[in-house]
1. Can you confirm whether region 145-159 contains a residue that is away from the ligand (no atom under 16 Å from the Cβ) and either touching a helix residue (DSSP H, G or I) at 6+ places or on another chain (Cβ under 6 Å) or of a type in the set (Phe, Trp, Tyr) (or both)?
2. Which of the residues spanning region 53-81 are among the polar types (S, T, N, Q) and more than 10 Å from Gly168 (Cα to Cα)?
3. Taking region 184-209 only, how many residues are crowded, with 24+ Cβ neighbours inside 10 Å and within 14 Å of the ligand (Cβ to nearest atom)?
4. Within region 267-290, is even one residue aromatic (Phe, Trp, Tyr) and under 21 Å from Asp372 (Cβ atoms)?
5. When you go through (1) in contact with a strand residue (DSSP E or B) (Cβ under 7 Å, 6 or more places away or on another chain); (2) without any contact (Cβ under 8 Å) to a residue 24 or more places away in the chain one by one for Lys121, which number turns out not to apply?
6. Looking at this structure, is Ala320 more than 16 Å from the ligand (Cβ to nearest atom), outside any loop (DSSP other than H, G, I, E, B) and touching a Lys or Arg at 6+ places or on another chain (Cβ under 7 Å)?
7. Scan region 429-441 for residues that are surrounded by fewer than 21 Cβ atoms within 10 Å (Cβ to Cβ) and either out of contact with any Gly (no Cβ under 7 Å at 6 or more places or on another chain) or closer than 27 Å to Ser240 by Cα (or both) and jot them down.
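The values are calculated or read from the model by the stated rules, or taken from the named source; none is laboratory data. These numbers come from a predicted model, not from an experiment. Neighbour counts are summed over all protein chains in view; Cβ atoms, including those assigned to glycine, are modelled from backbone coordinates with ideal geometry.
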Amino acid sequence: MTLELSHFIGGQHIAGKSGQFADVFTPMTGEISARVPLAGQAELNAAVENAKAAQPAWAALNPQKRGRVMMEFLRLIQRDYTALAELLASEHGKTVLDARGDIQRGLEVVEFTCGIAHLLKGEYTDGAGPGIDIYSMRQPLGVVAGITPFNFPAMIPMWKLAPAIACGNAFILKPSERTPSVPLRLAELMLEAGLPAGILNVVHGNKDVVDAIIDHPDIKAIGFVGSTTIAEYIYSRGCSAGKRVQCFGGAKNHMVIMPDADLDQVTDALVGAGYGSAGERCMAISVAVPIGEKTADALLERLVPRVESLRIGLSNDNDADFGPLISREAVNRVRDYVDIGVKEGATLRVDGRGFTMQGYEKGFYMGGTLFDHVTPKMRIYREEIFGPVLSIARAANYEQALHMTNEHEYGNGVAIFTRDGDAARDFVSKVQVGMVGVNVPIPVPLAYYTFGGWKRSAFGDLNQHGPDAIRFYTKTKTVTSRWPSGIKDGASFVIPTMN
Ligand code: NAD
């Protein structure tokens with residue numbers, strides 16, 4: 001019997017009612033592990049009703065007490081860390097060690113929200129005019145929703161739900177239907193941590209329920225993370241439905257390698273950032289841009305043997321560099337891109353298309369792949385491949401590398417490797433990308449900064465986590481208050497000024 005997952009609504013597991021299901025796989029074996037119900041309007045309505053009913057009392061609770069629920073949640077995750085990481089790895093395919101990092105980077109945002117009482121403090125001006133004080137306060141929006149991708153099943157749900165809930169909102173999480181189990185577990189743990197039922201609901205599904213979320217009049221904000229096409233769709237439809245929307249999309253992250261860079265360090269950084277998690281990270285490096293033929297040749301000399309000897313393994317193999325991809329379709333899509341690259345004239349230096357895992361031939365594996373002489377006109381340069389494929393796009397000089405990076409339609413992350421502070425400083429200042437690493441290959445900002453790309457990697461004006469998350473999940477109310485005796489003076493028909 002295949003395990004049948006449920007929705008989590010009003011603090012209870014609720015079986016799917018739409019009659020629609022999707023298979024959930026164990027990528028390392030290729031077997032079906034469960035089926036997940038795909039919600040329709042009825043399940044979403046039930047979640048919204050529960051959320052609406054529970055939210056006012058939650059918002060009225062002192063922020064300090066809401067923060068304490070987050071603290072207890074942190075403790076419970078620590079208690080269950082190993083089981084969660086194993087569940088995550090088995091459903092996603094990334095290694096258990098990498099899954100621990102996925103959980104950790106989510107937990108750090110939960111840690112940030114433990115200080116919600118401080119984060120929600122408003123502004124105050126005493127005596128803005130005679131007898132007049134002005135102050136602002138942040139109030140929750142009500143019911144808000146998060147739609148998350150398959151590739152970080154713990155981190156991204158926590159990036160969304162923790163700030164939203166700490167601010168006093170009720171939250172509806174629509175996780176990826178490909179990795180639904182860890183998000184469900186997070187909701188159970190939040191309940192155990194003391195969160196009232198109805199404040200965090202998990203509704204599984206695909207486009208149908210996403211459209212229902214966009215159209216639901218009681219959902220005030222949507223935070224989305226996923227591919228750019230869907231990000232743009234949800235952003236434009238959500239905004240025209242009058243919602244507050246932030247959508248984070250795809251990426252093509254470049255690493256610029258200056259001639260003075262330490263190439264051994266660069267090679268380590270590139271194999272980790274290019275192939276870790278099988279390249280299924282929005283901050284993966286997918287294009288390396290060495291400056292000058294000499295740098296490129298020396299880099300290739302080091303890189304080729306490293307890519308050839310990458311250790312692909314089962315998700316529970318602690319010695320594996322990376323595990324399987326998420327699905328058979330993903331493997332086929334990535335292999336197709338390799339075919340396209342060859343046809344476009346790029347030089348295929350390492351070909352991972354033929355890789356199979358002995359004893360696990362049905363698993364979704366793909367070997368590390370390396371292209372050289374990739375140019376900006378090629379599809380493999382322009383499009384996000386989202387697999388273990390690294391492209392070397394040689395540049396003649398620094399200006400050309402900067403130009404290539406800035407002309408690319410995506411602008412999520414970028415890195416420069418150099419020993420020259422002046423070059424690094426110039427790059428940081430001029431590059432049109434949201435997150436920049438200087439000798440750091442995956443510059444994911446820590447929880448107390450914000451995360452977000454530029455150009456077609458993000459739609460909306462506030463980033464994820466950090467102070468922006470508090471702004472996104474609250475609305476500002478500004479109060480001008482006077483307690484004078486002058487009220488007896490009578491009405492004034494001139495716009496008030498503070499002269
Ligand atoms: P995806 O766009 O396929 O799915 C994301 C979410 O949208 C899922 O919950 C899915 O159910 C839903 N969805 C899928 N098709 C839909 C449709 N037609 N209409 C409405 N909703 C739909 O993305 P994915 O494959 O799960 O994740 C990988 C993508 O996410 C990559 O492009 C990656 O770069 C991106 N990503 C971006 C960031 C970031 O912060 N910028 C972080 C992680 C992943």
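1. Looking only at region 145-159, we keep the residues that are away from the ligand (no atom under 16 Å from the Cβ), and these are none.
No - not one qualifying residue is present in region 145-159.
2. The answer is Gln64, Gln78.
3. Total meeting the criteria: 5.
4. Looking for residues that are aromatic (Phe, Trp, Tyr) and under 21 Å from Asp372 (Cβ atoms), one finds at least one in region 267-290, hence yes.
5. So Lys121 meets the others, but not (1).
6. Numbers: more than 16 Å from the ligand (Cβ to nearest atom): yes; outside any loop (DSSP other than H, G, I, E, B): no; touching a Lys or Arg at 6+ places or on another chain (Cβ under 7 Å): yes.
Judged against the criteria, Ala320 is not a match.
7. Scanning region 429-441 gives Ser429, Lys430, Val431, Val436, Val438, Asn439, Val440.
For every residue, the table says whether it meets (1) away from the ligand (no atom under 12 Å from the Cβ); (2) in contact with a Ser or Thr (Cβ under 7 Å, 6 or more places away or on another chain); (3) under 25 Å from Val109 (Cα atoms).
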{"position": "Val431", "(1), (2), (3)": "yes, yes, no"}
{"position": "Met435", "(1), (2), (3)": "no, no, yes"}
{"position": "Val438", "(1), (2), (3)": "yes, no, yes"}
{"position": "Tyr448", "(1), (2), (3)": "yes, no, yes"}
{"position": "Gly460", "(1), (2), (3)": "no, no, yes"}
